[in-house]
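Only the coordinates and a few stated rules stand behind these numbers; no lab work does. Predicted, not measured: the structure shown is a model, and the values here were computed from it. Note that we place each Cβ from the backbone using ideal geometry, even for glycine, and neighbour counts take in every protein chain shown.
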Amino acid sequence: MSPNVERVQLVAPGSLGTCWYGKYHYLEPWVGCEHNCPYCYARSRMAVRNSLAELGTNFANPQPLLPRQELLEAIERQANSGQVSIFKLSRYTDIFSPRFVADGLSYEILEILAKSRVSRVIITTKGAPDRQLLELLARYPQKFSYNAACRPSSLLDPDPLPSFEKNLLPLRQRLEAAAQAQEAGLLTTIHCDPFVAQIDDQPQALQPFLDLLESYKLKRVMWSYLLLSPTLLESMPPLVDPKLWSELLERYDLHSERQVLPGQEDTISFAQKNDVALESVDKVAKALMARNFQFVLCSLKSIRGLNLREYPRQMLCNGTFYA
Ligand code: SF4
């Protein structure tokens, strides 16, 4: 493959136009993700596709970017280079991909980061650490923040979007890990992602979900609405109930595409219709306010006409809430 072809980089700076204006670096120790979520945008990114092809694998079967020892040495060099202050794990994968939790690679990477010059490591996961990993995080509570990504409607019986959870550990196991991280002193946030308006904000999903979070004393929430993309419009229909899928499409503005990162056509996405977003934000924010949760909404600024006098000022995410 030509050296000019775009590939996943072990360390890449955040970009302008994304959260926090790029004041962090992403770490991508491997390419692909065993969680293989049907809505994952990483699968359609050119860099990911090229690197998967080069490593001779597919998205659901992640492979480290380098042989293990080389990988660990490269991470150690980068983390101590003085060039990186904050690491975000990760943009295109999950540091708690079950295979790498089981074989200790996730632990070795986090141990290097914990002992490095990097000031902060932001973990966002749909997986869970094992006991040894939790003990490591607990030894460095100031170094890590912990974000557990979960969906309220996964509590419904039946779950209306079962393919979204298919490869994930049970919700309670993930929340238990988050509660232990918080107990150990880590800044811990429940990230409702992807949040689907009129499904995740239904009272019969949202209220039991908030009950459950309260039972774990997890009272910080951030939520991000599901974005669709041209690739997802092709790949998701076989994985979602047809009636629900056509109702869901009705709520999206499929004619006004939004390119998230300038010059990168593989980041085109479609947002929900503005009135759908307004109604949903109101329901979720009021449910969280009624229970005294701390919360922010990701991409709030892209929703027009929200009467911010009705909500707490800090609901406008400045990128530091979960960091
Ligand atoms: S856990 Fe994250 S990176 Fe992995 S497939 Fe799901 S959305 Fe993608």
Pull up the DSSP beta bridges for the chain and report the antiparallel fraction as a percent, rounded to 5. 25 percent
Beyond a 31 Å Cα-Cα separation, which of these cross-linked pairs lie in this structure: Lys23/Lys243; Lys88/Lys219; Lys143/Lys283; Lys115/Lys286; Lys126/Lys283; Lys115/Lys283? Lys23/Lys243; Lys143/Lys283; Lys115/Lys286; Lys115/Lys283
Under a point-charge model restricted to the Cβ atoms of Lys and Arg (+1) and Asp and Glu (-1), what is the dipole moment magnitude of the chain relative to its Cα centre, in debye to the nearest 20? 980 debye
Beta bridges per DSSP with both ends in region 1-125, % antiparallel, nearest 5: 40 percent
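If neighbour count is taken as other Cβ atoms inside 10 Å, put Ser44, Ser90, Ser235 in order from fewest to most. Could you put the intermediate results ahead of the total?
Details: Ser44 18, Ser90 22, Ser235 15.
Going from least to most buried by this count: Ser235, Ser44, Ser90.
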Proxy exposure order for Arg120, Arg151 (fewest C-beta within 10 Å first) is Arg120, Arg151
What distance in nm separates the simple spin-label points at Ser81 and Glu6, each placed 7 Å from Cα in the Cβ direction? 2.0 nm
Find the relative contact order for region 168-294 and round it to a whole percent, using C-alpha pairs within less than 8 Å whose residues are 6+ positions apart. 25 percent
Karplus (6.51, -1.76, 1.60) ³J(HN,Hα), θ = phi - 60°, over region 170-182, in Hz, Gly and Pro reported as x: x, 3, 5, 5, 6, 5, 4, 5, 4, 5, 5, 4, 5
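Per DSSP H run of at least 4 residues, take -39500 (n - 2.57); add these up for the chain, divide by its residues and hand me the 222 nm value, nearest 500 deg cm²/dmol.
Numbers: 10 runs with 104 residues, N = 323.
Dividing the helical sum by the residues of the chain leaves -9500 deg cm²/dmol.
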Any residue on another chain or 5+ positions along whose placed amide H is under 5 Å from the amide H of Cys150 is listed here as His191, Cys192, Asp193
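Fewest to most neighbouring Cβ within 10 Å: what's the order for His255, His25, His35? Walk me through the numbers on the way to the answer.
Values: His255 6, His25 20, His35 24.
Fewest-to-most Cβ neighbours within 10 Å comes out as His255, His25, His35.
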Over all viewing directions the Cα convex hull of the chain casts an average projected area in nm² of 16.0 nm²
Below 8 Å between Cα atoms, with a sequence gap of 6+, how large is the relative contact order for the chain in percent? 15 percent
